[in-house]
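The values are calculated or read from the model by the stated rules, or taken from the named source; none is laboratory data. Here the structure is a predicted model, which means the values were calculated and not measured. A quick note on method: Cβ atoms are made from the backbone with ideal geometry, for glycine too, and the neighbour counts reach across all protein chains shown. What goes into the accessible areas is simple: the full protein's heavy atoms, side chains included, and nothing from ligands, DNA or RNA. Shrake-Rupley method; radii C 1.70, N 1.55, O 1.52, S 1.80 Å.
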Amino acid sequence: MIASLSGTVVAVAPDSAVIEVGGVGLSVHCAPGTLANLRPGSPARLATSLVVREDSLTLYGFADDDAKQLFELLQTASGVGPRLAQAVLAVLTPDAVRTAIANADTATLTRVPGIGKKGAERLVLELRDRVGPVAVGTDGAAGVTGGAWPEQVRQALVGLGWTAGQADQAVAAVAESLDGPPPPVPVLLKQAIRLLGRTR
């Protein structure tokens, strides 16, 4: 089991990063919020979870052990695989996930693409007694990472190699195109990358 890794960031992509550890480049799947803090050529430490399948070994990376533990806990619920667990942490902070599950706040959980009302109810039913302590004074809305999406998308774009000016223009264009509440950060990041792809 690879519990964590420390090394030099070699490359950052929209949904993963390559980190060189002892001369070996490891591909790690990460949420946009984690990728936004990685810079090619800079050192990094990630808490990691290795998912073993018959035909693959996939490494998922997290900014801290708290997010990693919640990622692994979410997968113990029926119908939740690693991709959906990571989607939850891409849209909601760990504290927001715990609060939503503890308070049976299915509306917050259904903001995650791939989780419908029944899926949210199943998460509450199966994990309510196992999510651990809930931070006092937080609610689902306050913990939604989408609230600060412009900065998250901007940092991710700069990390992927665009200039700060290009990132600002793309974020502004995406913001203008929104009608209603913003979608999850990964969706916004893909929109921004599409816009920049046309101007490169």
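A few comments on the model shown:
- Of all residues in segment 51-58, none satisfies being within 18 Å of Leu157 (Cβ to Cβ), in contact with a helix residue (DSSP H, G or I) (Cβ under 7 Å, 6 or more places away or on another chain) and modelled with pLDDT under 95.
- Filtered residue count, segment 13-30, keeping only those that are of a type outside the set (S, T, N, Q), open to solvent by 20 Å² or more (accessible area, probe 1.4 Å) and closer than 19 Å to Ala87 by Cβ: 4
- Matching residues, segment 41-62, being within 16 Å of Ile2 (Cβ to Cβ) and either of a type in the set (A, V, I, L, M, F, W, C) or out of contact with any strand residue (DSSP E or B) (no Cβ under 6 Å at 6 or more places or on another chain) (or both): Ala44, Leu46, Ala47, Leu50, Val51, Val52, Arg53, Ser56, Leu57, Leu59, Phe62
- Here Val10 qualifies as without any contact (Cβ under 8 Å) to a residue 60 or more places away in the chain, touching a Pro at 6+ places or on another chain (Cβ under 9 Å) and hydrophobic (A, V, I, L, M, F, W, C).
- Selection status of Ile2, among the aliphatic types (A, V, I, L, M), part of a loop (DSSP other than H, G, I, E, B) and touching a strand residue (DSSP E or B) at 6+ places or on another chain (Cβ under 6 Å): yes
- At least 2 residues being surrounded by fewer than 19 Cβ atoms within 10 Å (Cβ to Cβ) is the threshold, and among the helices (runs of 4 or more DSSP H) wholly inside segment 31-128 those reaching it are 65-74, 82-91, 117-127.
- Condition met for Ala135 (outside any helix (DSSP H, G or I), more than 15 Å from the chain's Cα centre (by Cα) and at pLDDT below 85): yes
- Pair list, Cβ < 7 Å and 6+ apart or interchain, from segment 180-199 residues that are part of a loop (DSSP other than H, G, I, E, B) to residues that are open to solvent by 50 Å² or more (accessible area, probe 1.4 Å) and at pLDDT 85 or above: Pro184/Pro113
Conditions (1) touching a Ser or Thr at 6+ places or on another chain (Cβ under 6 Å); (2) in contact (Cβ under 8 Å) with a residue 60 or more places away in the chain, marked per residue:
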| site | (1), (2) |
| --- | --- |
| Asp15 | no, yes |
| Ala47 | yes, no |
| Ala77 | no, no |
| Leu109 | no, no |
